[in-house]
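Colleague: Structure below; questions to follow.
The values are calculated or read from the model by the stated rules, or taken from the named source; none is laboratory data. Predicted model, so just to flag it, every value in this text is computed and none were measured. Glycine gets a Cβ as well: all are built from the backbone with ideal geometry, and neighbour counts include every protein chain shown.
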Amino acid sequence: MDEDTAGDEESPVREVTVRASGHEHVTAEHASTFEVTSDDWLTPAGDCIVGVEADATPADVPRSFVEACRSREATIVAEFSAADATQTVTGRGHPDLSYEGDRSMVGRTSDYVDERTIMVGADAAAGDFDRRLVTALERGAPLTMTLRVE
């Protein structure tokens, strides 16, 4: 996981980069969530999962980033890239975001929050992802997910 502080060491972290891998069972068909997991396996039932073997979980994200995400006014952007394809998802922060999950990061189109949730009110779920990106991930391409809070 890379962190961009965009300034001196005391500046809050506003960007986090997570690296993961695609998997043969990536289908990205889920209608209300997307997920990147640190697990090294995926079954066909995991239709929200777009990346496995992530190098970070919510619990690894710097606290200053998490604090910035706890505002209802915060905009959280997740940019996914693999091979020559990209996908951008924009969501909102929420006061209950804890970023305490130790296995996976989940973006949600709803307002539901648990320890894995990294954004709510997302404008896209796995089923909305560019099919070129999904095909690359199904073929095992490396995935980069950059989270930014504004």
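Colleague: Taking the residues in the range 47-62 that are of a type in the set (Gly, Ala, Ser) and surrounded by fewer than 21 Cβ atoms within 10 Å (Cβ to Cβ) as candidates, determine which candidate is farthest from the chain's Cα centre (by Cα).
Modeller: Applying the filter and picking the extreme gives 59.
Colleague: While we're here: Which residues, counting only those in the range 46-73, are among the acidic types (Asp, Glu) and under 10 Å from residue 13 (Cβ atoms)?
Modeller: Passing the criteria: only 67.
Colleague: Is at least one residue of the range 88-101 surrounded by 21 or more Cβ atoms within 10 Å (Cβ to Cβ), charged (D, E, K, R) and either on the phi > 0 side of the Ramachandran plot or at pLDDT 95 or above (or both)?
Modeller: no
Colleague: State whether one or more residues within the range 63-74 are within 11 Å of the chain's Cα centre (by Cα) and either surrounded by 14 or more Cβ atoms within 10 Å (Cβ to Cβ) or not in a loop (DSSP other than H, G, I, E, B) (or both).
Modeller: no
Colleague: OK, next. Which of the residues spanning the range 130-150 are in a loop (DSSP other than H, G, I, E, B) and either of a type in the set (Asp, Glu) or crowded, with 22+ Cβ neighbours inside 10 Å (or both)?
Modeller: Within the range 130-150, 130, 150 qualify.
Colleague: Oh, and also: Report yes if residue 85 is more than 22 Å from residue 12 (Cβ to Cβ), surrounded by fewer than 21 Cβ atoms within 10 Å (Cβ to Cβ) and among the aliphatic types (A, V, I, L, M), otherwise no.
Modeller: Answer is yes for this residue.
Colleague: Only one residue in 106, 77 is surrounded by 21 or more Cβ atoms within 10 Å (Cβ to Cβ) and outside any loop (DSSP other than H, G, I, E, B). Which one?
Modeller: Exactly one of 106, 77 is surrounded by 21 or more Cβ atoms within 10 Å (Cβ to Cβ) and outside any loop (DSSP other than H, G, I, E, B), namely 106.
Colleague: With respect to the numbered conditions (1) in contact (Cβ under 8 Å) with a residue 60 or more places away in the chain; (2) assigned to a loop (DSSP other than H, G, I, E, B), which one is the sole condition not fulfilled by residue 101?
Modeller: Looking at each condition in turn, residue 101 falls short on (1).
Colleague: Mind checking which residues of the range 127-150 are farther than 13 Å from residue 90 by Cα and touching a Phe, Trp or Tyr at 6+ places or on another chain (Cβ under 7 Å)?
Modeller: 133, 143
Listed here are the residues, each with its yes/no results for (1) outside any loop (DSSP other than H, G, I, E, B); (2) touching a strand residue (DSSP E or B) at 6+ places or on another chain (Cβ under 6 Å); (3) modelled with pLDDT of 95 or more; (4) basic (Lys, Arg).
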{"residue": "8", "(1), (2), (3), (4)": "no, no, no, no"}
{"residue": "11", "(1), (2), (3), (4)": "no, no, no, no"}
{"residue": "18", "(1), (2), (3), (4)": "yes, yes, yes, no"}
{"residue": "30", "(1), (2), (3), (4)": "no, no, yes, no"}
{"residue": "36", "(1), (2), (3), (4)": "yes, yes, yes, no"}
{"residue": "41", "(1), (2), (3), (4)": "no, no, yes, no"}
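Colleague: Evaluate the range 36-46: report whether one residue or more is under 16 Å from the mean Cα position of the chain (by Cα) and aromatic (Phe, Trp, Tyr).
Modeller: no
Colleague: For the range 48-62, give me the residue count where each residue is part of a loop (DSSP other than H, G, I, E, B), in contact with a His (Cβ under 9 Å, 6 or more places away or on another chain) and among the small types (Gly, Ala, Ser).
Modeller: Within the range 48-62, residues that are part of a loop (DSSP other than H, G, I, E, B), in contact with a His (Cβ under 9 Å, 6 or more places away or on another chain) and among the small types (Gly, Ala, Ser) number 0.
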